[in-house]
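The values are calculated or read from the model by the stated rules, or taken from the named source; none is laboratory data. Bear in mind the structure is a predicted one, so any value in this text is a computation, not a measurement. Note: ideal-geometry Cβ built from the backbone for every residue, glycine included; neighbour counts use all protein chains shown.
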Amino acid sequence: MEVPILKQGDFLIATVQAALTDADLLHFRTALIQKVVRCRSRGVIVDVTSLDVMDSFASRTLREIAQMIRLRGAETVIVGIQPEVAFAMVQLGLKLEDVATALDLEEGLAHLQQKSESPA
């Protein structure tokens, strides 16, 4: 399944619309990193609102995506983690260390705008 990646100014917004297989996640990771490079993006939002489950591979892949994007000089925000998903992730010990999260797309955009305006 293809994850749509939209450009919004200096930022990219990737909306995961359904559960992804491991192969889909790896394809998404590659496509997103390539688009960050091509668009010279300063920030990326990954919207996972539609996901009702997140396994260890998915959470590790999201963490890797954020690390790769950070190495390109951009910031990543994961938005829309459902309460049940957050609960399950904590119970299973799955962590998104050093990855910014926000309640929704609006808060994610505000976070990226604040980060891009503050001096590095």
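Quick notes
- Within the stretch 99-120, the set of residues being surrounded by 15 or more Cβ atoms within 10 Å (Cβ to Cβ) and not in a helix (DSSP H, G or I) comprises Val99, Ala100, Thr101, Ala102.
- Boolean, Val37 is more than 10 Å from the chain's Cα centre (by Cα) and β-branched (Val, Ile, Thr): yes
- Helices (runs of 4 or more DSSP H) (entirely within the stretch 1-98) containing at least 2 residues that are surrounded by fewer than 19 Cβ atoms within 10 Å (Cβ to Cβ) and at pLDDT below 95: 56-71, 83-92
- Some residue of the stretch 95-112 being under 16 Å from Arg40 (Cα atoms) and in contact (Cβ under 8 Å) with a residue 12 or more places away in the chain: yes
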